[in-house]
1. Determine the calculated [θ] at 222 nm for the chain from helices alone, applying -39500 (n - 2.57) to every DSSP H run no shorter than 4 residues and normalising by the residue count; nearest 500 deg cm²/dmol.
2. What helices does the chain have that are whole DSSP H segments, at least 15 Å long along their own axis by Cα, and with mean Kyte-Doolittle hydropathy of -0.5 or more?
3. Let's see if you can work this out: charge +1 on each Lys and Arg Cβ, -1 on each Asp and Glu Cβ, no other charges. What is the dipole magnitude of segment 239-313 about its Cα centre, in debye to the nearest 20?
4. Once you keep just the Cα pairs under 8 angstrom separated by 6 or more residues, what percentage relative contact order results for segment 1-57?
5. Tell me, how many Å apart are the Cα centres for segment 65-80 and for segment 260-274?
6. Please list, by residue number, every one of the GluC sites (Glu not before Pro) in segment 115-186 that is coil in DSSP and has at most 14 other beta-carbon atoms within 10 Å.
7. Specify which residue in the list 276, 249, 203 is farthest towards the positive end of the charge dipole of the chain, using unit charges on the beta carbon of Lys, Arg (+1) and Asp, Glu (-1), about the Cα centre.
8. Between 17, 116, 337, whose Cα lies farthest towards the positive end of the dipole of the chain when Lys and Arg beta carbons carry +1 and Asp and Glu beta carbons carry -1, centred on the Cα centre?
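Coordinate-derived values only; no laboratory data. From a predicted model like this one, the values you see are computed outputs, not experimental measurements. So basically every Cβ, Gly included, is an ideal-geometry build from the backbone, and we count neighbours across all protein chains shown.
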Amino acid sequence: MNRDLYAEDIAETAAAADWTGLAGKSFLVTGATGSIGRALIDVIMERNRTSGDRMRVTATGRSRERGKAVFGDHLDDPFFEFVEYDVLDRFPEGRRYDFIIHGASNTHPVAYASDPVGTIMINVMGTKNLLDHIVAVSGGRFVLLSTVDVYGEGGESVPAFREDHCGCIDPNTLRAGYPESKRVSEALCQAYRSASGTDHIVLRLSRVYGPTMGADDSKAMAQFIRDALARRDIILKSDGMQIFSYVYVMDAVAAILLAIVKGEGGEAYNVGGPGVRLRDAVSELCAIAGTGVGFAEPGEIEGRGASKVRHAVLDSSKLEALGWSARTDLGAGLRRTLDILRSE
């Protein structure tokens with residue numbers, strides 16, 4: 001990773017984000033070493049460095065070694081700590097946090113197929129354990145990072161999903177474990193709100209990409225980016241006619257920071273961009289990287305976890321009404337990702 005360019009990306013995001021009401025607040029971030037969690041924490045710590053807002057961050061993940069590798073720059077900071085924690089367990093501390101941002105999840109096709117039970121339980125039991133913690137310590141806002149996948153297939157009759165769309169998913173498939181467990185997680189939030197008075201918001205994220213994507217990420221865009229970095233043909237494993245929303249990871253971070261304060265309790269907010277045909281996104285990436293396009297069938301495990309959705313575009317006008325807008329279009333985001341991930 002080009003650390004100077006990444007630091008520039010972090011600084012630009014921190015400078016542009018809305019920090020109203022966040023100074024001095026405490027954050028618990030699960031799945032912290034994932035793409036969104038890592039970027040979010042880096043942006044918060046950059047804001048601390050430049051503004052003295054003294055926000056406290058507790059990052060959690062299942063591997064202490066991974067946490068040290070990802071957050072080495074923050075480990076000596078008194079406003080940061082990494083806690084080894086599996087969300088399938090009850091949260092071990094009695095501390096109250098102002099915001100619990102639940103990002104721990106299996107989030108790519110190989111994980112869905114190779115760990116289908118874990119995919120479901122991390123979402124459902126992880127959400128329950130964290131909501132139980134909020135009840136036990138009497139407060140804190142729960143922020144569930146959900147997904148466009150809760151809507152399933154849109155088709156031509158639904159040009160863009162609004163938050164009140166009920167979705168169309170076949171639950172009798174292996175791949176359904178991910179979106180259905182996210183739907184249950186959202187329902188759990190509402191159940192706890194009714195039964196215990198907890199406060200929550202839901203952010204339904206479109207296909208997030210960027211330089212913090214993991215090396216084992218099997219999502220299509222992550223594979224395309226690795227192909228581009230290696231200057232080899234970008235391999236499509238479908239006809240490429242699917243239409244999806246994409247959002248650059250730093251724009252997703254800005255959405256989270258805005259919504260956790262300004263979002264209305266109990267509400268869901270879409271986070272996405274305009275619809276882009278998959279093969280057009282690949283063409284854009286090829287033009288940036290100077291590569292061609294190839295075609296291949298997905299492997300057995302990858303194919304079992306792959307989405308069959310052909311059209312899933314998010315209408316983000318509800319979040320935009322709070323003041324959010326995507327600052328990075330797909331072409332600029334792909335170029336920025338490649339520039340950062342190329343070695344120094």
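1. Helix contribution divided over all residues of the chain: -13000 deg cm²/dmol.
2. Span-like helices, by this rule, are 3-16, 35-51, 116-137, 249-262, 278-289, 330-341.
3. 100 debye
4. Normalised by residue count, the contact order of segment 1-57 is 44 percent.
5. 29 Å
6. For GluC sites (Glu not before Pro) across segment 115-186 that sit outside H, G, I, E and B with at most 14 neighbouring Cβ atoms in 10 Å, the list reads 156.
7. 203
8. Working it through, the farthest residue towards the positive pole turns out to be 116.
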